[in-house]
Amino acid sequence: MQKTIKTIETQLHDQLAHATSLKEVEEIRLAVLGKKGSVTQLLAQMKELSLDDKKAVGPLLQELRQAAEVSINKRRDFLVQQEAQAATVKEQLFDVTVGVSKAQRGHLHPYTHIVEEIQRIFLSMGYEIWDGPEVETDFYNFGALNIPQDHPARDMYDTFWTDAAGHLLRTHTSTVQIRAMQERKPPIAGIAPGRTFRHEAVDASHDYQFMQCEGLFIDKNVTVGHLFATAQTFLKALFEKDTLDIRIRPGFFPFVEPGFEIDMRCVFCKNGCSVCKQSTWIEVFPGGMVHPNVLKAGGIDPDQYAGFAFGFGLTRLAMLKYGIDDIRLLYSGKLKFLEQF
């Protein structure tokens, strides 16, 4: 055992002399003084020795352990001091003429991508791009759109009303179609992308602020077929597909008659998820024929002209197109999410 102690001591000194990092020093300490280290194992074997051997070997082991601790600490302190000196030299030798790293460049938000794409598609179909105020009056948001005083949408639990009497944050971009009809003469064709606000509980597919796009087309002899053809052409161009799994079903909206819901198969699941509310379908293109009362409110004779209107959610289309499964990510400000676009 005395020979083993001498060997351990020699190897320890040699290993420490060649150690160039704190990590290496720590590995050496564990190999010698750790729970499974060589010195620890020798101490465990002491109980098997005779009394005379214990008297002879015991002091040697204690000296080895103490010497190992001193040598290891000394080498650790030396390396720490060496690293500190190297850091100081590096600061002193800093070259201010060295070129800076390449500056990071910004990029467009997914909303900007989807708005620009939608505008491009409708411009190619002969539509104009419209805009309107986000703070609206009761008349433009409800009254002119054939939404009566007792309609639940006027309730404070669905709408953000302001302190100014009769003013609110618009709940849809359909407000722009009334202004467009008042300012233009048929034929009229345009879309109005923009922010809308509703008193919604926030979850994976709902938010109190979201992007919507209103569309309006008015002329003589306009039919439901024109609406369906427009919806089909738009969705195929947006999703770059020749065929789409969509369905058309009746829907009620006060400002159109008849009204329709155009749904698209959920791209996130096959059997139902939180985004599609377990239905496997997502509503993407609601619309219908403009109600005669709405045409009158816009100053257009319903006996001479007809038209269709639609109001799809830009947020929902962005989620479908880019595979975003949680609406909250769009306003989260998380760089790892936004850098994908």
Point to revise | Residue satisfying condition, being free of Cβ contacts under 8 Å to residues at least 40 places away in the same chain, in the same structural domain as E83 (by TED's automatic domain parsing) and not in a helix (DSSP H, G or I), within set K47, K36 | key: K36
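Taking M319 as the residue in question, decide whether it is more than 20 Å from T173 (Cα to Cα), aliphatic (A, V, I, L, M) and in contact with a helix residue (DSSP H, G or I) (Cβ under 7 Å, 6 or more places away or on another chain).
No: the conditions fail for M319.
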**Study point:** Number of the condition not met by S50 [criteria: (1) modelled with pLDDT under 80; (2) within 55 Å of the chain's Cα centre (by Cα)]
**Key:** (2)
Point to revise | Unmet criterion (only one of (1) in a loop (DSSP other than H, G, I, E, B); (2) free of Cβ contacts under 8 Å to residues at least 60 places away in the same chain; (3) buried (at least 17 other Cβ atoms within 10 Å of the Cβ)) for G132 | key: (2)
Point to revise | Residue ID - farthest from the chain's Cα centre (by Cα), chosen from residues in the stretch 1-30 that are among the hydrophobic types (A, V, I, L, M, F, W, C) and under 30 Å from D52 (Cβ atoms) | key: M1
Check your understanding: Of all residues in the stretch 100-137 being aliphatic (A, V, I, L, M) and within 24 Å of the chain's Cα centre (by Cα), which is farthest from T315 (Cα to Cα)?
Key -> A103
**Study point:** Extreme residue, surrounded by the most Cβ atoms within 10 Å (Cβ to Cβ), among residues of the stretch 228-257 that are touching a Gly at 6+ places or on another chain (Cβ under 6 Å) and of a type outside the set (G, A, S)
**Key:** V256
Exercise for review: Of all residues in the stretch 154-181, count the ones that are surrounded by fewer than 19 Cβ atoms within 10 Å (Cβ to Cβ) and within 19 Å of C213 (Cα to Cα).
Suggested key: 1
Point to revise | Of the criteria (1) at pLDDT 85 or above; (2) over 30 Å from Q340 (Cα atoms); (3) of a type in the set (D, E, K, R), which one R120 fails | key: (2)
Practice item. State whether the residues of the stretch 200-207 include one that is surrounded by 14 or more Cβ atoms within 10 Å (Cβ to Cβ) and either part of a strand (DSSP E or B) or of a type in the set (S, T, Y) (or both). Key: yes
Review point. Regarding T223, is this residue among the hydroxyl-bearing types (S, T, Y) and over 17 Å from F255 (Cβ atoms)?
Key: yes
Revision key, fill the gap. Over the stretch 53-66, the set of residues at pLDDT 80 or above, out of contact with any helix residue (DSSP H, G or I) (no Cβ under 7 Å at 6 or more places or on another chain) and not acidic (D, E) is P59, Q62, Q66
Point to revise | Residue, farthest from the chain's Cα centre (by Cα), within the stretch 239-257, restricted to residues that are part of a strand (DSSP E or B), within 16 Å of V224 (Cα to Cα) and not small (G, A, S) | key: E257
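The values are calculated or read from the model by the stated rules, or taken from the named source; none is laboratory data. Computed from a predicted model, the values in this text were never measured in an experiment. Cβ coordinates were reconstructed from backbone atoms using ideal geometry, including for glycine residues, and neighbour counts include every protein chain displayed.
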